[in-house]
1. Any residue at all in the stretch 181-201 that's over 21 Å from ASN128 (Cα atoms), aromatic (Phe, Trp, Tyr) and either in a helix (DSSP H, G or I) or under 14 Å from the mean Cα position of the chain (by Cα) (or both)?
2. What's the number of the condition CYS251 fails, among (1) in contact with a helix residue (DSSP H, G or I) (Cβ under 9 Å, 6 or more places away or on another chain); (2) in contact (Cβ under 8 Å) with a residue 40 or more places away in the chain?
3. Does the stretch 60-70 hold any residues that are out of contact with any Phe, Trp or Tyr (no Cβ under 7 Å at 6 or more places or on another chain) and surrounded by 19 or more Cβ atoms within 10 Å (Cβ to Cβ), and which are they?
4. Has the stretch 113-135 got any residue that is at pLDDT 95 or above, among the hydroxyl-bearing types (Ser, Thr, Tyr) and within 20 Å of SER247 (Cβ to Cβ)?
5. Filter the stretch 16-30 down to residues that are more than 19 Å from ASN234 (Cβ to Cβ) and touching a Phe, Trp or Tyr at 6+ places or on another chain (Cβ under 9 Å) and give me whichever is surrounded by the most Cβ atoms within 10 Å (Cβ to Cβ).
6. Go over the candidates SER185, SER173, SER157 one by one and state the one that is under 25 Å from ASN116 (Cβ atoms), crowded, with 17+ Cβ neighbours inside 10 Å, among the polar types (S, T, N, Q) and touching a strand residue (DSSP E or B) at 6+ places or on another chain (Cβ under 6 Å).
7. Considering each of LYS57, LYS88, LYS12 in turn, give the residue that is under 28 Å from ASP210 (Cβ atoms), surrounded by fewer than 24 Cβ atoms within 10 Å (Cβ to Cβ) and basic (Lys, Arg).
8. Restricting attention to the stretch 101-130, and to residues there that are in a helix (DSSP H, G or I) and hydrophobic (A, V, I, L, M, F, W, C), which single residue is farthest from GLY180 (Cα to Cα)?
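The values are calculated or read from the model by the stated rules, or taken from the named source; none is laboratory data. Given the structure is predicted, the values throughout are model-derived calculations rather than measurements. Cβ atoms come from the backbone with ideal geometry, glycine included; neighbour counts cover every protein chain shown.
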Amino acid sequence: MYFRNTPIDSMKDAYNVAGKNVVVTGGNRGIGRGVAEAFAQCGANVAIVCRNEEGGKKACEELAQYGGKYRCFPADVSDRESVAKACKEIIEWFGTVDVLVNNAGVASTTPFFSENGLDEWHRVIDTNLHGMANMVYCIGPNMRASGKGGAIINVSSVGSMRVSGSKESPKPSYNASKAGIDIFSRYLALVMGDQGIRVNSLVLGPVHTDLDKMHDPEYFVAMEEKLPTHRIANAIEVGAFCVYLASPAGCQLTGANIPFDGGLLCVI
């Protein structure tokens, strides 16, 4: 017996995620924080999974103004035992999970054939790709058994589709990890569809976060000149799109690798 999402027949509550239980990895800062805040503003309950427990608790305190349930569960997504412990606690707290946003990730510009190139390869893959798999493996069964359907959103990057600039700024492990996320998301969409769980990857371009200080200001000027939108996204805008993907309005979207890049893939 297949689960079928209820089709919408009007715009009333089409974007409603109020009361949904949402898990966001890396939700204490950057893009993840924007995602957590977007869901909180829309009435959802949010569990933040992150390594920095202090930062996660602070984020939850700041979300409290929106009136839902918010809690930080410290974990390193690359560590299977750490993830299993956190997910067990999340399920005990929530009961059932409706939405999982796999956002936690790291980057590296280490050339593959450098002295520590293989170490960096494993570090990035372990967090970005294996970390996503660890979370899905632990949360997925709860979502499948709930009988309510749900949504998994995996944060990817335009780096999954391009390697231009790799001689000047090599990102072999990052590019490979994001490409893995894209194809694994499509696999998950197929095998979890019978339980009404939709899975998509969000292929991000540049996004303004607290990490902007790591870039030369000229980078942003050049990027905004290049983008068809001539503007870099904000983290809350990524969150807004995640809300759409998790809402009834997004009920027919699954197995997609969706660019959210200001048109960057059109020009590179």
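1. There is no residue in the stretch 181-201 that is over 21 Å from ASN128 (Cα atoms), aromatic (Phe, Trp, Tyr) and either in a helix (DSSP H, G or I) or under 14 Å from the mean Cα position of the chain (by Cα) (or both).
2. That leaves (1) as the condition not met.
3. Step one: filter the stretch 60-70 for residues out of contact with any Phe, Trp or Tyr (no Cβ under 7 Å at 6 or more places or on another chain), giving 61-62, 65-70.
GLY68, TYR70 - these are the residues of the stretch 60-70 that are out of contact with any Phe, Trp or Tyr (no Cβ under 7 Å at 6 or more places or on another chain) and surrounded by 19 or more Cβ atoms within 10 Å (Cβ to Cβ).
4. For the stretch 113-135, residues at pLDDT 95 or above, among the hydroxyl-bearing types (Ser, Thr, Tyr) and within 20 Å of SER247 (Cβ to Cβ): absent.
5. Initially, the stretch 16-30 is screened for residues more than 19 Å from ASN234 (Cβ to Cβ), giving 16-23, 25.
From the residues that got through so far, the ones that are touching a Phe, Trp or Tyr at 6+ places or on another chain (Cβ under 9 Å) too are 17, 20-23.
Values: VAL17: 23, LYS20: 24, ASN21: 25, VAL22: 31, VAL23: 27.
Among those that are more than 19 Å from ASN234 (Cβ to Cβ) and touching a Phe, Trp or Tyr at 6+ places or on another chain (Cβ under 9 Å), it is VAL22.
6. Values: SER185 fails: under 25 Å from ASN116 (Cβ atoms); SER173 fails: touching a strand residue (DSSP E or B) at 6+ places or on another chain (Cβ under 6 Å).
Result: SER157 is the single residue among SER185, SER173, SER157 that is under 25 Å from ASN116 (Cβ atoms), crowded, with 17+ Cβ neighbours inside 10 Å, among the polar types (S, T, N, Q) and touching a strand residue (DSSP E or B) at 6+ places or on another chain (Cβ under 6 Å).
7. On the way: LYS88 fails: under 28 Å from ASP210 (Cβ atoms); LYS12 fails: under 28 Å from ASP210 (Cβ atoms).
Just a single option satisfies the conditions, and that option is LYS57.
8. Here is the first cut: in the stretch 101-130, the ones in a helix (DSSP H, G or I) are 117-130.
Now drop any that are not hydrophobic (A, V, I, L, M, F, W, C), which leaves 118, 121, 124-125, 129.
Details: LEU118: 17, TRP121: 13, VAL124: 12, ILE125: 9, LEU129: 7 Å.
Ranking the qualifying residues of the stretch 101-130, first place goes to LEU118.
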